[in-house]
Each structure stands twice: as C-alpha cells, then as structure tokens.
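These notes are about the structure you will find just below.
The values are calculated or read from the model by the stated rules, or taken from the named source; none is laboratory data. Because the structure is a prediction, the values reported are computed rather than measured. Cβ placement follows ideal geometry from the backbone for every residue including glycine, while neighbour counts extend to all protein chains displayed. To get the accessible areas, we keep the full protein, side chains included, count just its heavy atoms, and leave off ligands, DNA and RNA. Shrake-Rupley method; radii C 1.70, N 1.55, O 1.52, S 1.80 Å.
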Amino acid sequence: MPYRLPPDSIARVLETIPDPSVLWSPDANWAILASRDPLPDIAELARPMLALAGMRIDPNANSGFQIDFYSGLTLRDRSGKNFTSISLPNPEGKKVSRIGFVSWSHRSDAFVFSRNTGSSTELWYVRCDDPYRPVLLTDRLHTVLMGIDWMPDGLGILCGSVPSERSEPPKVSSVPTEPNIQFADGRKSPARTYQDLLKNADDEALFEYHATSRITIVKPGCPPEYLGDPDLFTHVS
C-alpha cells in the first residue's frame, strides 16, 4: 500500500517553510540566516543508524545521527542592506544541503559550519569579508564524541578527525558466543533506564570503531595538524 497524503489544508500547514534561525556574531555586527526545510524527506529517516551506548550514530558521516538540518545559509550585515547566500559545490551534481551546525569565531570575522554529504562530514570556513569563497577545512570531521573549539587565534579549529589508517568496520557475528544472562531480584531501583546499552563484545567493537577519532587542528590554507594517536576522546581544551 503506498503512502497516503493528508487533506490539502493539513498539507499546506505542514509544508509551510519555517522562518530562518538568526545566528548573530559575538559583536552583533553580522548575522547568519539559517533556513530549514519544513519536513525531513523520507530518505533522511531511512539513512543507516547505529544505536550504541545510549547514542544514535551516523556510521557514514562519523557523527551523531541527525535529521533536522539547515538547508541554506545567508550572511547579512547589521544594517540589513547586504545579503550573501553561501554557495557550496555539490558532489556529482547532487543537491547536498545537510548543514549540521554553525559556529562563529570569537573575533566575529569568520564562521565555520559542518555539512553531511551522506558519506562523510565536511567542515567549511567562511570569512565575512569574502563570503563568496568558502574554504573546505576537512572532509574527515568526526563528531561522534567530540565537538569543535576555536583556537585562541580565531583561525584554527580544534576538532576530531577520522583516522587515516582506519580499517574496515568490524563484522558483527550473528552467532552468539555466550548466553545473555540478566538478573532481577524483585527490588525497586531508583536508577533510570538507559536505552541501547552495549550488550556484547560485538557492540563494544562497533562502538570503539565508530567513536575513535584523532585530535586535529585545521586552519585555512594549512595542512591538518595531528596531535597524538587515535583514541576515544570526549573533550579537549
């Protein structure tokens, strides 16, 4: 049975384009108008997802699973007289508009944003005085456990990246190697219930594989600077 559409009156409400989010720079001289599509496409909901350690992981994009993306960014000055739409190259001519997060530099002269391409996560850098030429900092951004931070110079970004020597993901065996035993003593417990905890060695191996990143500093016009060996990092300052 195919999908059934609601009445036109309901469809018009659901398909109304929402107002853009306004993301001001720290000095309030610049603003980013971040637009969204009214509803996620069914293809977004059908993307692969791993439920591990109480988290939802996008294994292809090396990030947390997300369906609520920005569909476009427009830079404007405080006077509202100048508007610049941020345009990006689309791989293979496909429309890629999954913009995940936006972060302003503390110097208020530039910002970065992430883009989920379906097979990776990119980090782009945009200068306010030259918004027509966004700079790709990396196409190996890793945000399963870590976020990003601006370096003190307001140019570099401290982040996690996908290890270049990473192998293929571990194969999950469908044959159990040991029984799954749970105990209940009948007493009430004040502890909350967590979903999708690691249940066996296969889950542990999958989580370690997809959550491992390498601490990296990326800066426009410079090669990535790698700090230490890949590991399970949750925060770096």
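In the condition set (1) closer than 18 Å to Met146 by Cα; (2) in contact with a strand residue (DSSP E or B) (Cβ under 7 Å, 6 or more places away or on another chain), Ala211 is compliant with all but (2). Based on what the data block shows, is Ser63 in contact with a Ser or Thr (Cβ under 6 Å, 6 or more places away or on another chain) and in contact (Cβ under 8 Å) with a residue 60 or more places away in the chain? Yes.
On the stretch given as the stretch 224-237, residues that are open to solvent by less than 70 Å² (accessible area, probe 1.4 Å) and touching an Asp or Glu at 6+ places or on another chain (Cβ under 9 Å) total 2. Return a yes/no flag: does the stretch 176-188 have any residue that is touching a residue at least 24 places away in the same chain (Cβ under 8 Å), touching a helix residue (DSSP H, G or I) at 6+ places or on another chain (Cβ under 8 Å) and over 26 Å from Ser103 (Cβ atoms). Within the stretch 176-188 (the criterion being touching a residue at least 24 places away in the same chain (Cβ under 8 Å), touching a helix residue (DSSP H, G or I) at 6+ places or on another chain (Cβ under 8 Å) and over 26 Å from Ser103 (Cβ atoms)), the answer is yes, since at least one residue qualifies. For the stretch 159-180, the candidate set comprises residues that are out of contact with any Ser or Thr (no Cβ under 9 Å at 6 or more places or on another chain) and surrounded by 10 or more Cβ atoms within 10 Å (Cβ to Cβ); within that set, the residue that is farthest from Glu122 (Cα to Cα) is Ser173.
Looking across the stretch 74-86, the residues that are touching a Leu at 6+ places or on another chain (Cβ under 9 Å), modelled with pLDDT under 95 and in a strand (DSSP E or B) come down to Phe83, Thr84, Ser85. Here Gly221 clears all of (1) open to solvent by 50 Å² or more (accessible area, probe 1.4 Å); (2) on the phi < 0 side of the Ramachandran plot except the condition numbered (2).
Listed by first and then second residue, the pairs with beta-carbon distance under 7 Å, at least 6 apart or on different chains, first residue in the stretch 1-20 and outside any helix (DSSP H, G or I), second of a type in the set (D, E, K, R) and surrounded by 10 or more Cβ atoms within 10 Å (Cβ to Cβ), are Pro18/Arg36. The residue list Pro190, Pro170 contains one member that is closer than 30 Å to Leu137 by Cα and either not in a loop (DSSP other than H, G, I, E, B) or not aromatic (Phe, Trp, Tyr) (or both), which is Pro170.
Note on the stretch 65-76: among residues that are open to solvent by 30 Å² or more (accessible area, probe 1.4 Å) and not aromatic (Phe, Trp, Tyr), the one that is nearest to the chain's Cα centre (by Cα) is Gln66. Among the conditions (1) surrounded by 11 or more Cβ atoms within 10 Å (Cβ to Cβ); (2) over 17 Å from the mean Cα position of the chain (by Cα); (3) not polar (S, T, N, Q), the only one that Pro6 does not satisfy is (1).
Of all residues in the stretch 27-50, those being more than 16 Å from the chain's Cα centre (by Cα) and either outside any strand (DSSP E or B) or not hydroxyl-bearing (Ser, Thr, Tyr) (or both) number 14. Residue under question is Leu206, and the condition is that it be at pLDDT below 90, surrounded by 10 or more Cβ atoms within 10 Å (Cβ to Cβ) and not β-branched (Val, Ile, Thr); does it hold? So Leu206 does not fit the description; no. When you check Ile57 against the structure, is it part of a strand (DSSP E or B), open to solvent by less than 70 Å² (accessible area, probe 1.4 Å), over 23 Å from Pro20 (Cβ atoms) and touching a residue at least 40 places away in the same chain (Cβ under 8 Å), yes or no? Against the criterion (part of a strand (DSSP E or B), open to solvent by less than 70 Å² (accessible area, probe 1.4 Å), over 23 Å from Pro20 (Cβ atoms) and touching a residue at least 40 places away in the same chain (Cβ under 8 Å)), Ile57 qualifies.
Picking from residues in the stretch 9-29 that are under 30 Å from Arg107 (Cβ atoms) and not hydrophobic (A, V, I, L, M, F, W, C), the one that is surrounded by the fewest Cβ atoms within 10 Å (Cβ to Cβ) is Asp19.
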